[in-house]
2 protein chains.
Amino acid sequence: MININVPVGASLNKDGTCSFSVWAPMCSSISVVTDAAPEDTWPMKKQKLGYWQVTVDDTTPGMQYWYKFDDKLLRPDPASRWQPDGVHGASAIVSTDFNWTDDHWQGIELSELIIYELHTGTFTPTGNFQGIISKLDYLQTLGITAIEIMPIAQFPGHHNWGYDGVFPFAIHNEYGSAADLKQLVNAAHQHGIAVILDVVYNHLGPEGNCLHHFAPYFTDKYKLYWGDSINFDGAGCDGVRNYYIRNALMWLDEFHIDGLRLDAVHAIFDSSAKHIMEELTEQVRQLEQRSQRRKILIAELDLNNPRYVTPVEKGGYGMDAQWVDEFHHALHAVLTGELTGYYEDFGSLEHLARSMQCSYVYTGQYSQHRKRFFGVEPKNVSYNQCVAFIQNHDQVGNRLLGDRLSASLPGEALKLAAATLLLSPHIPLLFMGEEYGEKNPFLFFTSHSEEELIARLCEGRRKEFAHFNWEGEVPDPQSEEIFNQSKLSWKTNESPGLFIFYQQLIAFRKKKLAMQNFRRYDAVRNIRIQNNVLQFERHGNEESLIVCL
Amino acid sequence: MININVPVGASLNKDGTCSFSVWAPMCSSISVVTDAAPEDTWPMKKQKLGYWQVTVDDTTPGMQYWYKFDDKLLRPDPASRWQPDGVHGASAIVSTDFNWTDDHWQGIELSELIIYELHTGTFTPTGNFQGIISKLDYLQTLGITAIEIMPIAQFPGHHNWGYDGVFPFAIHNEYGSAADLKQLVNAAHQHGIAVILDVVYNHLGPEGNCLHHFAPYFTDKYKLYWGDSINFDGAGCDGVRNYYIRNALMWLDEFHIDGLRLDAVHAIFDSSAKHIMEELTEQVRQLEQRSQRRKILIAELDLNNPRYVTPVEKGGYGMDAQWVDEFHHALHAVLTGELTGYYEDFGSLEHLARSMQCSYVYTGQYSQHRKRFFGVEPKNVSYNQCVAFIQNHDQVGNRLLGDRLSASLPGEALKLAAATLLLSPHIPLLFMGEEYGEKNPFLFFTSHSEEELIARLCEGRRKEFAHFNWEGEVPDPQSEEIFNQSKLSWKTNESPGLFIFYQQLIAFRKKKLAMQNFRRYDAVRNIRIQNNVLQFERHGNEESLIVCL
């Protein structure tokens, strides 16, 4: 009843026509204008719930179009599939045709996940999907089972981490076409590698956002520090909910994506009786039935609240897994001795032991950094619902100089970190280049075009860093040089033996029966700290392995 | 672990000393000053988590005191038990001694509840607790089993509905003393009547709020239309959570109150892993164990979300019951034909039938008024977890002229409404005077002292009423006359037979076995509408009663 299931955007039909559907409830008239015949306007017809629709004749893939409002203003499509000239240009029609050859593929289970996070623009010299395809053999050799691609939604300018996307349905025009992404997914599946896509449903980027011209996508009911909150529960929220659910289903269904990593779900505010995450899960479970493929939803969550990954029948939102930053923080503080910023809540081996066993470190204790008692125990959450990492885009890129662990730690320490991650019962996530000790930094980079916005951005970064007492100037995120420095060097031999060590750990993890047990109550046993050594048993399937770190 | 359980306020000790405890984490020094020796200051000692404590010698009940800040400013106690001179005056020490004679009393079960809502200031000519005591015989004769007292926390001025309270621990100085309230509760229990207290934990009133001088009680993370949001999840929230949980326990434990009605819990925003309502429930269940008395938590909730009254083991917050305004709206629209404001979502007998059976009318359908699909089914919620009413302080008082149903409907229609309520499976709530067809209005009244605030208030009322197309001037809430008009007339014979009809319905409800079944799946059977008559069976305990309305 709740999900309204209305298509959004431009859908090419077999007969050469194209059906347009846009949500614009406050509008009194709206039409489609194409570049093929700019003098013609195609008035849309108002449907239920504020949607407008029209079918336009003689269309072809690549044809550009605008929505024209009664005030004559032209706007791109909020559900645009392609912005050939970037965020300020026209939208373009895209064909969904593709010759898939992954019929054998059934998706991936949580217990099989070994994730490799990558950023399309800096992963390879070409900085696009073709580049990623060229590395699939390498990734297969490494042994990872899934790549997680940082957000690819159209963002302003040439480079961006992806969290400033403003067209959630359009692939960033410099990364490749829709067909290129399908080629990547298809090739990954041929390599036995699943594809997880990072999507941002908690805000839109600060430049090129056309959504507020169309409908109440935003609300001032909740305050978000990095943009307007998305209206998931106020008047008109059904159009917003439909928009994001359509988006998730597009990636998972049309693009054969195996899972979504949902950015900062703690910043998605929703007081509805059915939380948008629960509604999304429900829709994705139905897609699993239809497609006969497993689809995974992973939440980035900073609440130490198991509700998101608890089954719906037990009062949860039914998502599959969540990130646990505290595993990272515990390990990072122990390895580096850093105790500023949020690391002030960590720093002893006990913290790491706690995360190894409980996933969350804070399960009700007082957090000095948050200035409150924080979290509850994830009692009924199994380990393979928790994604752990020793580095990721945030934990590296949100450092003043974007320095990786390899910049400050000796090779042996990098190996220790790798073993801690890969022998832990959690889902491991590697950050691109980590496996060979990449020395290049991963810095924060943007290429916005609005001066005032750029100034605000730099000021924001400065404030964020103030907590950490890092010394030095904040690198200019707009600099081309900063972007280029952040590309992987692919000097895979700089940390001798590290790549092979990762390879062996991954193989060990896949082979050993004890590593296949993810039950909360017995997968980790007899954990203790002696003489500065963390020791525990990985237990299960009639096998026990003693791990000493 | 989460509940910090620190006392707040002034506690008289047996040896004549008094222990003070106040939460003021940002303060660098703070002392107690009493009116007995204004030249002496008692410097407080900083404890953990920003609490300050000191024990002062030679104190007596009634002794007035202030907290003195390092900047020499004097402030009353946020947890003051008594404000003898109102919100702008000093706080005073109160003795907790009382000779209770209700040892036999064990609280009240949900299945027994027949609630009578009253406002202390307008219920009787004296407008205080003694007035209520004088009416207990009358209420016993009527047959109700619980009174629900509108908020009594100290508010500014002489008259107020109570939702502008600014000292949640202090009883409004004109209603009576703490001992008077205890006398009322004790006497009610002697009459077999439970006492429910309406408490406001979602905001503080706009005048006389001293809390922001002490600690981060408020947050700008969530936007509330009637004041600053309470900080239940940000930095320092533990002090806030402790404050409100102490408050709830004070009423339920020290004052022997049987239940709390929590005002607008949908306006309590909390992203914590353990929601403040869940934490409160947990604490109240422990009190039930300690006191061997049943204690009830009722939420006023405008979300059609059963999570609040779902058991904790099933992922809910574990509260006992919630208000269902939609029962009222459905009945009111049918009876009066009003279809403006939120009544636009109602108006047919089908709506009433739906509420009779499902409690919520909107369980996923599109609400024209909210401009969204709304609610889910309260599948596992039993009927005696839902409080229904045909009038209440809001539904009468938030009408332009505060007119009751008796002002516009003939006696027979009032009886029909009464039967609809009392034969429904829900917990019935009567609004004072309803049982005899009181003709006096119940208007919105305040006695603020700040000009700008008064202007804002009137403007707010005007905007609220705009949705309803009511004609006429908004009565001046500050007028003494408006307050006096709102007092019950006690002309109990103006609607002949109505009081006896209520009495008989209540007696019938208590006597009939079929009326004691509240199970969602079979308490209401064969509901149908024929020739404009709503007909259903009340079924249970091997008895079926056919109800035609």
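Condition check: at pLDDT below 95, farther than 21 Å from B:ILE4 by Cα, buried (at least 18 other Cβ atoms within 10 Å of the Cβ) and more than 10 Å from chain A (Cβ to nearest Cβ). Does B:ASP228 satisfy that? Spelling it out, B:ASP228 is indeed at pLDDT below 95, farther than 21 Å from B:ILE4 by Cα, buried (at least 18 other Cβ atoms within 10 Å of the Cβ) and more than 10 Å from chain A (Cβ to nearest Cβ).
Residues that are under 28 Å from B:VAL309 (Cα atoms) and in contact with a strand residue (DSSP E or B) (Cβ under 8 Å, 6 or more places away or on another chain) do occur in the stretch B:91-108. Checking A:GLY165, A:GLY208 one by one, the residue that is in a loop (DSSP other than H, G, I, E, B), touching a residue at least 40 places away in the same chain (Cβ under 8 Å), away from chain B (no Cβ under 14 Å) and more than 17 Å from the chain's Cα centre (by Cα) is A:GLY208 and no other. Figure legend. Inter-residue proximity from the stretch A:238-258: first residues without any contact (Cβ under 8 Å) to a residue 40 or more places away in the chain, second residues assigned to a helix (DSSP H, G or I), beta-carbon distance below 7 Å, spacing 6+ or different chains. Indicated pairs: A:LEU249/A:GLN283; A:LEU249/A:LEU287; A:ASP253/A:LEU287; A:ASP253/A:SER291. Within the stretch A:398-431, the only residue that satisfies the criterion of being acidic (Asp, Glu) and closer than 21 Å to A:PHE442 by Cβ is A:ASP403. With respect to the conditions (1) touching a Pro at 6+ places or on another chain (Cβ under 9 Å); (2) hydroxyl-bearing (Ser, Thr, Tyr); (3) under 30 Å from B:PHE518 (Cβ atoms), B:SER406 falls short on a single one, namely (1).
Table: residues versus (1) surrounded by 13 or more Cβ atoms within 10 Å (Cβ to Cβ); (2) in contact with a Phe, Trp or Tyr (Cβ under 9 Å, 6 or more places away or on another chain).
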site	(1), (2)
A:TYR67	yes, yes
A:PRO84	yes, no
A:VAL94	yes, yes
A:HIS104	no, no
A:TYR116	yes, yes
A:THR120	yes, yes
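If you go through the stretch A:461-481 one residue at a time, do you hit one that is among the polar types (S, T, N, Q) and buried (at least 17 other Cβ atoms within 10 Å of the Cβ)? Yes: the stretch A:461-481 contains one or more residues that are among the polar types (S, T, N, Q) and buried (at least 17 other Cβ atoms within 10 Å of the Cβ).
Every test in (1) part of a loop (DSSP other than H, G, I, E, B); (2) farther than 20 Å from B:LYS415 by Cβ is passed by B:LYS491 save one, and that test is (2). Evaluation of A:ASN384 against the conditions (1) surrounded by fewer than 18 Cβ atoms within 10 Å (Cβ to Cβ); (2) more than 11 Å from chain B (Cβ to nearest Cβ) shows that the sole unmet condition is (1).
Among residues of the stretch A:271-329 being small (Gly, Ala, Ser) and within 14 Å of chain B (Cβ to nearest Cβ), the one that is surrounded by the most Cβ atoms within 10 Å (Cβ to Cβ) is A:ALA299. Among the residues of the stretch B:505-549, the ones that are under 26 Å from B:LEU142 (Cα atoms) and within 27 Å of the chain's Cα centre (by Cα) come to 9 in all. For the residues A:ALA179, A:ALA187, A:ALA170, the requirement of being of a type in the set (A, V, I, L, M, F, W, C), part of a helix (DSSP H, G or I) and more than 17 Å from A:TYR116 (Cβ to Cβ) singles out A:ALA179.
For the stretch A:14-21, indicate whether the set of residues that are within 14 Å of chain B (Cβ to nearest Cβ), surrounded by 12 or more Cβ atoms within 10 Å (Cβ to Cβ), within 29 Å of the chain's Cα centre (by Cα) and not in a loop (DSSP other than H, G, I, E, B) is non-empty.
So far as the stretch A:14-21 goes, no, none of its residues is within 14 Å of chain B (Cβ to nearest Cβ), surrounded by 12 or more Cβ atoms within 10 Å (Cβ to Cβ), within 29 Å of the chain's Cα centre (by Cα) and not in a loop (DSSP other than H, G, I, E, B).
Among residues of the stretch B:387-409 being surrounded by 22 or more Cβ atoms within 10 Å (Cβ to Cβ) and without any contact (Cβ under 8 Å) to a residue 60 or more places away in the chain, the one that is nearest to B:GLU435 (Cα to Cα) is B:ARG404. If you go through the stretch A:253-270 and pick out every residue that is farther than 30 Å from A:THR101 by Cβ and either within 14 Å of chain B (Cβ to nearest Cβ) or of a type outside the set (Asp, Glu) (or both), you end up with 7. Of the residues screened, A:ALA235 is not one that is within 14 Å of chain B (Cβ to nearest Cβ), closer than 28 Å to B:TRP226 by Cα and free of Cβ contacts under 8 Å to residues at least 12 places away in the same chain. Residues in the stretch A:171-200 that are surrounded by fewer than 21 Cβ atoms within 10 Å (Cβ to Cβ) and of a type in the set (Asp, Glu): A:GLU174, A:ASP180. Scoring A:TRP52 on the criteria (1) under 17 Å from A:ALA92 (Cα atoms); (2) surrounded by 14 or more Cβ atoms within 10 Å (Cβ to Cβ) leaves a single failure, condition (1).
Entry remark, the stretch B:450-477: residues being part of a loop (DSSP other than H, G, I, E, B), free of Cβ contacts under 8 Å to residues at least 40 places away in the same chain and closer than 15 Å to B:GLY397 by Cβ number 2 in total.
Residues in the stretch B:354-374 that are more than 11 Å from chain A (Cβ to nearest Cβ) and of a type in the set (Gly, Ala, Ser): B:SER355, B:SER359. Take A:GLU338 and decide whether it is surrounded by fewer than 21 Cβ atoms within 10 Å (Cβ to Cβ), more than 14 Å from every other protein chain (Cβ to nearest Cβ), touching a His at 6+ places or on another chain (Cβ under 8 Å) and under 24 Å from A:ILE529 (Cβ atoms). Spelling it out, A:GLU338 is indeed surrounded by fewer than 21 Cβ atoms within 10 Å (Cβ to Cβ), more than 14 Å from every other protein chain (Cβ to nearest Cβ), touching a His at 6+ places or on another chain (Cβ under 8 Å) and under 24 Å from A:ILE529 (Cβ atoms).
Taking the criterion of being farther than 18 Å from A:LEU423 by Cβ and either modelled with pLDDT of 95 or more or surrounded by 15 or more Cβ atoms within 10 Å (Cβ to Cβ) (or both), the residues of the stretch A:485-534 that qualify are A:GLN485, A:SER486, A:LYS487, A:LEU488, A:SER489, A:TRP490, A:LYS491, A:THR492, A:SER495.
B:PRO25 meets each of the listed conditions (1) over 24 Å from B:GLU282 (Cα atoms); (2) out of contact with any helix residue (DSSP H, G or I) (no Cβ under 6 Å at 6 or more places or on another chain); (3) in a loop (DSSP other than H, G, I, E, B); (4) not aromatic (Phe, Trp, Tyr) apart from (2).
The values are calculated or read from the model by the stated rules, or taken from the named source; none is laboratory data. As the structure is a computational prediction, the values presented were derived from the model and not from experiment. Glycine gets a Cβ as well: all are built from the backbone with ideal geometry, and neighbour counts include every protein chain shown.
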